[in-house]
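*Asks:* Below: one structure in structure tokens.
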Amino acid sequence: MTINRRGFLRGTAAFGTAAAASAFLAACGSDDKSDSPSVSANDVDAALAAGGTLTVWAWEGTLKQVVTAFQAKYPKVTVNLVNAGTGDKQYTALQNAISAGSGVPDLAQIEYYALPQFALGKSLVDLSGFGAGSLDGTFTPGPWASVKSGGVTYGLPMDSGPMALFYNKDVFDKHGITVPTTWDEYVAAAKKLHAADPKAYITNDTGDAGFTTSMIWQAGGKPFQVDGTNVKINLADDGSTKFAGLWQQLITDKLIAPISSWSDAWYKGLGDGSIATLVIGAWMPANLESGVAAANGKWRVAPMPQWTAGGTATAENGGSSLAIPKLGKNNALAYAFMKYATTGEGAQLRTDNGAFPATTEQVNADAFKNKEFPYFGGQKVNEVLAQAAAGVVPGWSYLPFQVYANSVFNDTVGKAYVSSTTLTDGLKSWQDAATKYGKDQGFTVN
Amino acid sequence: MAVLAPPAMRRSGPPGRSRAPRRRRSWTGWAFIGPFMAVFAFVFLAPIAYAVYLSFFRTKLIGGTSFVGAQNYRDVLTDPQFWSSFGRVALFLCVQVPIMLFLALLVALAIDSGRLYGKSFFRVAVFMPYAVPAVVATLMWGFMYGPQFGLVGSLNEKFGWSLPNPLGPDWLLASIGNIVTWEFVGYNMLIFYSALQVIPRTLYEAADLDGAGQLRIIRSIKLPGIRGALLIATIFSIIGSFQLFSEPAILKSLAPNVITTYYTPNFYAYSLSFAGQQFNYSAAVAIVMALLTAVVAYAVQLRGMRKERQS
């Protein structure tokens, strides 16, 4: 099962003592190891034969089975799979460990949006020395592009989240709503649904940076342009403006449930039909099956609504990679496990357990596409999702400090959800906050 | 450290002889307080010194760490986000603390009056919330505040009311004030109550004989009698208000767009170091806030003590 990834990001905080402790750790200085270790396939094999212990920080649910299979295949290797938190909690822990120079795992799960930040901090091993270049074509284009930063490969894609429209067919049928294929139809459906049942909403949103950036991505926006340390931020480009216009209508007319994703209320709403659709990543089916058992058989998947009728544009939403922190002890062994987990046998195993693969072989396999999901009324869900994977708009990039930018999203854009501030103004102040941070951190911004 | 050389001892004996023995005494003293001093220095002074040290540097993603002198402090003093968070806790302090202390005083006086039936029950019941951890209390109130699925939502639905959203931008600070009041009325009540217990009963008898009513007794005997306790409770509350953290931190998941990352100064420092890796700036924010808190608390204490001397 793929565990939700962005949901916990805005979760509740720990406490002041922890803050003090980590500040303490962070300052003990960091030191860089050599940049790109040159390791041949033989070295990797030798490391496997020699064995050893690996510490892996990850929260992705299907890795457990991979670890079991890997240890059975290579009995001399022990893999400690540690859940050091989901999303930014884990990044904070990782960042602190790296700054402190101790306690760094050999391998860490890092979402695509966060990868550039760690790459730029020179915290990750450049994988070209391990022959990662030879993996061209192994992965689907979207995720493969996402693990590169400045032309260097820093991680191997573990899964992917091309977006699709998940909808509650029961609710749609009850109110005579047809599945929207364009965003205009989506707004119309939102109005019709809420008019028919004031307790039902087309979807929920309380301001979610990951969702917003993905929506802008689909609309063709490229608000973040990164060239080394030169960063351009323009959250008023065409794509951003299109999205803001669309979503503002829904907010103004109160057509979106003010419920945060991954909250108890959210699961409840998905189950009782008061939240009728989700535009979300392809990793959602497993979450619905495990978290919303009440709606078994009611949900279906359709392609993401389009800006132009007949289009096929989609975007990635979430998805993560495995990467090797430089301060990890056994880089060669880490690479061996990482390659096993993300390609071939490991990828197949994870796909079988419900992950949405980032490997072309698994995505295109007939068994994968033809799998019928009882939860989705027997629909061949992966057919739709694989199509979504092919439609990801190319050319997107995240900020090299996206983790921070996302953390102040609700300070800025969030205002549009609770006050008279418009989304456009909110995006503008988000841009200002990100620009300021970027400049403070030594980037050349705009 | 005042223990080292009691003035009385220093004055005894002829001046010429005093040096050697005093020296010996001082080492013995150090041996006794040494273990304490070591721990004190390590867990108390070192972190403060370290935070001060940190605050003079700046670490950038591009360019690494460099010494920036007082630049972080200059930035804090002109940081609108910092001042908005400070303004918010200051407003909180001016409104919530008087209400809470007044309620606590009222309860303490009621229990102390001896006219309350089931007085020990009330004492425990009012004190009970203090025993509930702040995190649990906030979660509990958070559920009640919920306009969708919480108590507020249920009331709205059941009676067709349209109560204002306690988690909306207009009401959130008041909602937090309500939680904090609920948590700390009992604690302050106990401080006042124990101070009231110390007042000699004979004073009340004398007042009675002079024909003073209850209100007069409260005004002229009880309130002056617990002035010290009032002062202490006020200072604790000031510090507590400026340090407001757990309540907004917990409620953030329920009201993500209202509780900004700079909602209170402590939360701001927390967000800066955790989400932004800006440890240096965060340290500067923490130190400025500590100084501001100390200044306000000290000013209140000075004022309170002056009044005490006057009376």
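*Asks:* Using the Cα gyration tensor of segment B:224-290, with a ≥ b ≥ c the square roots of its eigenvalues, what is the shape: rounded (a/c below 1.5), prolate (a/b larger than b/c) or oblate (neither)? If you can, show how the numbers build up before the last one.
*Replies:* On the way: a/c = 4.67, a/b = 1.79, b/c = 2.60.
Oblate, because a/c is 1.5 or more while a/b does not exceed b/c.
*Asks:* What does the charge count near B:ARG74 come to, summing +1 for each Lys or Arg and -1 for each Asp or Glu among other residues with Cβ under 15 Å from its Cβ? Please report the intermediate quantities before stating the final value.
*Replies:* Working: positive: B:ARG58; negative: A:ASP440, B:ASP75, B:ASP79.
My count for the surroundings of B:ARG74 gives -2.
*Asks:* So what J values fall out for segment A:115-131 if you push phi through Karplus, 6.51 cos²θ - 1.76 cosθ + 1.60 with θ = phi - 60°, rounded to Hz, Gly and Pro as x?
*Replies:* With coefficients 6.51, -1.76 and 1.60, one gets 4, x, 5, 6, 5, 5, x, 6, 9, 10, 7, 5, 7, 5, x, 8, x Hz.
*Asks:* Can you compute the charge dipole magnitude of chain A about its Cα centre, using +1 on each Lys and Arg Cβ and -1 on each Asp and Glu Cβ, nothing else charged? Give it in debye, rounded to the nearest 20. Let's see the in-between values first.
*Replies:* Values: 33 positive and 37 negative charges, 94 e Å.
The calculated dipole for chain A is roughly 440 debye.
*Asks:* Out of residues 5 or more away from A:GLY52 or on other chains, whose amide H comes under 5 Å of its own, with H placed 1.01 Å from N in the peptide plane?
*Replies:* Hits under the 5 Å cutoff: A:VAL77, A:THR78.
*Asks:* Short version: which residues of segment B:57-104 lose at least 30 Å² of accessible area, all chains versus chain alone, 1.4 Å probe?
*Replies:* Buried-area filter returns B:LYS60, B:LEU61, B:ILE62.
*Asks:* Still on this structure, I have one more. Given the peptides B:132-139, A:116-123, arrange them by the average over their residues of other C-beta atoms within 10 Å, most packed first. Spell out each step's value before the answer.
*Replies:* On the way: B:132-139: 15.5, A:116-123: 21.6.
Ranked by mean Cβ neighbours within 10 Å, highest first: A:116-123, B:132-139.
*Asks:* Any idea of B:LEU223's accessible area? Nearest 10 Å², probe 1.4 Å.
*Replies:* Probe radius 1.4 Å; accessible area of B:LEU223 about 60 Å².
*Asks:* Using a 10 Å cut-off around each Cβ of peptide A:91-103, what is the average number of partner chain Cβ atoms that fall inside? Provide the component values of the computation, followed by the final result.
*Replies:* Details: counts 3, 4, 0, 0, 2, 4, 0, 0, 3, 0, 0, 0, 0.
So the per-residue partner count for this stretch is 1.
*Asks:* What accessible area, summed over both chains, is buried at the A-B interface (1.4 Å probe, Å², nearest 100)?
*Replies:* Values: alone 17800 and 19080 Å², together 33600 Å².
Roughly 3300 Å² of accessible surface disappears when A and B pair.
*Asks:* Then there is this: I'd like the residues of segment B:265-287 whose 1.4 Å-probe accessible area shrinks by no less than 40 Å² going from the isolated chain to the full set of protein chains.
*Replies:* When all protein chains are present, B:TYR270, B:PHE274, B:ALA275, B:GLN277, B:GLN278, B:PHE279 each give up 40 Å² or more of accessible surface.
*Asks:* Also: Using only protein heavy atoms and a 1.4 Å probe, report how much of B:TYR145 is accessible, in Å² to the nearest 10.
*Replies:* In the full protein context, B:TYR145 sits at about 20 Å².
*Asks:* Let me ask something else about it. Roughly to the nearest percent, how much of the accessible area of the protein assembly as shown is carbon and sulfur, given a 1.4 Å probe? Each step should come with its number before you reach the end.
*Replies:* Details: 20520 of 33600 Å².
Ligands and nucleic acids excluded, carbon and sulfur reach 61 percent.
*Asks:* Using +1 at the Cβ of each Lys and Arg and -1 at the Cβ of each Asp and Glu in the protein assembly as shown, identify which of B:ALA212, A:GLY137, A:PHE172 lies farthest towards the dipole's positive end.
*Replies:* Result: B:ALA212.
*Asks:* How big is the dipole moment of segment B:80-310 about its Cα centre under a simple scheme where the beta carbon of each Lys and Arg is +1, that of each Asp and Glu is -1, and everything else is neutral? Debye, nearest 20, please.
*Replies:* Numbers: 15 positive and 9 negative charges, 103 e Å.
In total the dipole reaches around 500 debye.
*Asks:* At 1.4 Å probe size, with every protein chain present, just tell me what the per residue accessible area of chain B comes to in Å².
*Replies:* Working: 17380 Å² over 311 residues.
Per residue, chain B has an accessible area of 56 Å².
*Asks:* For B:PHE57, list long-range residues whose amide hydrogen, built 1.01 Å from N in the peptide plane, is under 5 Å from its own amide hydrogen.
*Replies:* B:VAL68
*Asks:* At a Cα cut-off below 16 Å, give the lysines reachable from A:LYS369, other chains included and same-chain residues fewer than 8 away excluded.
*Replies:* Partners within reach: A:LYS380.
*Asks:* With n ≥ 4 as the cut-off for DSSP H runs, can you work out [θ] at 222 nm for the protein assembly as shown, using -39500 (n - 2.57) per run divided by the number of residues, rounded to the nearest 500? Intermediate results must be reported in sequence, preceding the final value.
*Replies:* Details: 36 runs with 405 residues, N = 757.
Value at 222 nm, helices only: -16500 deg cm²/dmol.
*Asks:* Ignoring ligands and nucleic acids, what accessible area does B:ARG74 show with a 1.4 Å probe (Å², nearest 10)?
*Replies:* Ignoring ligands and nucleic acids, B:ARG74 comes out at about 130 Å².
*Asks:* Is segment B:183-311 best put as rounded, prolate or oblate by its Cα gyration tensor, with a ≥ b ≥ c the root eigenvalues, rounded for a/c under 1.5, and otherwise prolate when a/b is larger than b/c, oblate when not?
*Replies:* Judged from the Cα gyration tensor, segment B:183-311 comes out prolate (a/c at least 1.5, a/b above b/c).
*Asks:* Inside 10 Å of the C-beta atoms of B:241-247, what's the mean count of C-beta atoms belonging to other chains? Let's see the in-between values first.
*Replies:* Numbers: counts 0, 0, 1, 0, 4, 4, 0.
Whole-number average of other-chain Cβ neighbours for B:241-247 is 1.
*Asks:* With a probe of 1.4 Å, find how much accessible area chain A has per residue, and write the answer as a whole number in Å².
*Replies:* Details: 16220 Å² over 446 residues.
About 36 Å² of surface per residue is accessible.
*Asks:* Once the dipole of the protein assembly as shown is set up with Lys and Arg at +1 and Asp and Glu at -1 on Cβ about the Cα centre, which of A:GLN387, B:SER85, B:TRP30 lies farthest towards its positive end?
*Replies:* B:TRP30
*Asks:* In segment A:107-124, what residues drop by 20 Å² or more of accessible area when the other protein chains are put back, versus the chain on its own? Use 1.4 Å, and skip ligands and nucleic acids.
*Replies:* Flagged in segment A:107-124: A:GLN117, A:LEU120.
*Asks:* Filter the GluC sites (Glu not before Pro) in segment A:322-415 to those in DSSP coil with at most 13 other Cβ atoms within 10 Å of their Cβ, and list the result.
*Replies:* Numbers: sites: A:GLU345, A:GLU361, A:GLU372, A:GLU383; in loops: A:GLU372.
Taking segment A:322-415 and a limit of 13 other Cβ atoms within 10 Å, the loop GluC sites (Glu not before Pro) found are A:GLU372.
*Asks:* Considering only protein heavy atoms, with the full assembly of protein chains and a 1.4 angstrom probe, order A:VAL226, B:VAL198 by accessible area, largest first.
*Replies:* B:VAL198, A:VAL226
*Asks:* Sticking with this structure for a sec: Within the set A:LYS174/A:LYS199; A:LYS89/A:LYS268; A:LYS148/A:LYS329; A:LYS191/A:LYS268; A:LYS329/B:LYS60, which residue pairs have Cα atoms separated by over 20 Å?
*Replies:* On the way: A:LYS174/A:LYS199 14 Å; A:LYS89/A:LYS268 25 Å; A:LYS148/A:LYS329 23 Å; A:LYS191/A:LYS268 22 Å; A:LYS329/B:LYS60 26 Å.
As for pairs spanning more than 20 Å Cα to Cα, those are A:LYS89/A:LYS268; A:LYS148/A:LYS329; A:LYS191/A:LYS268; A:LYS329/B:LYS60.
*Asks:* Work out, in µm²/s and without decimals, the Stokes-Einstein translational diffusion coefficient of chain A at 25 °C, 0.890 mPa s, Rh from Kirkwood over C-alpha pairs. Please report the intermediate quantities before stating the final value.
*Replies:* On the way: Rh = 22.5 Å.
Answer, rounded: 109 µm²/s.
*Asks:* If you count, for every residue in A:404-416, the Cβ atoms of partner chains within 10 Å of its Cβ, what is the mean? It would help to have the intermediate numbers written out before the result.
*Replies:* Values: counts 7, 2, 1, 6, 7, 3, 8, 9, 2, 1, 6, 4, 1.
Per residue, the average neighbour count from other chains is 4.
*Asks:* To the nearest 20 debye, what charge dipole does the protein assembly as shown have about its Cα centre, counting +1 at the Cβ of each Lys and Arg and -1 at the Cβ of each Asp and Glu?
*Replies:* 3720
*Asks:* Can you bin the protein assembly as shown into rounded, prolate or oblate? Criterion: square roots of the alpha carbon gyration tensor eigenvalues sorted a ≥ b ≥ c, rounded for a/c under 1.5, prolate for a/b above b/c, oblate for the rest. Provide the component values of the computation, followed by the final result.
*Replies:* Details: a/c = 2.33, a/b = 1.47, b/c = 1.58.
In terms of gyration-tensor shape, oblate.
*Asks:* Could I ask something else about it? Find the all-direction average of the projected area of the Cα convex hull for chain B, expressing the result in square nanometres with one decimal place. Can you show the working numbers first?
*Replies:* Details: hull surface 103.1 nm².
Seen from a random direction, the Cα hull of chain B projects 25.8 nm² on average.
*Asks:* Let me ask something else about it. So for chain A, taking the charge dipole from beta-carbon charges (+1 Lys/Arg, -1 Asp/Glu), which of A:GLY121, A:ASN330, A:ILE251 sits furthest toward the positive end?
*Replies:* A:ILE251
The values are calculated or read from the model by the stated rules, or taken from the named source; none is laboratory data. Predicted model only: the values in this text are computed from it and were never measured. Don't worry about glycine lacking a Cβ; one is built from the backbone with ideal geometry, like all the others, and counts go over all protein chains shown. Quick note on the areas: whole protein, heavy atoms, side chains included, nothing else; ligands and nucleic acids left out. Shrake-Rupley method; radii C 1.70, N 1.55, O 1.52, S 1.80 Å.
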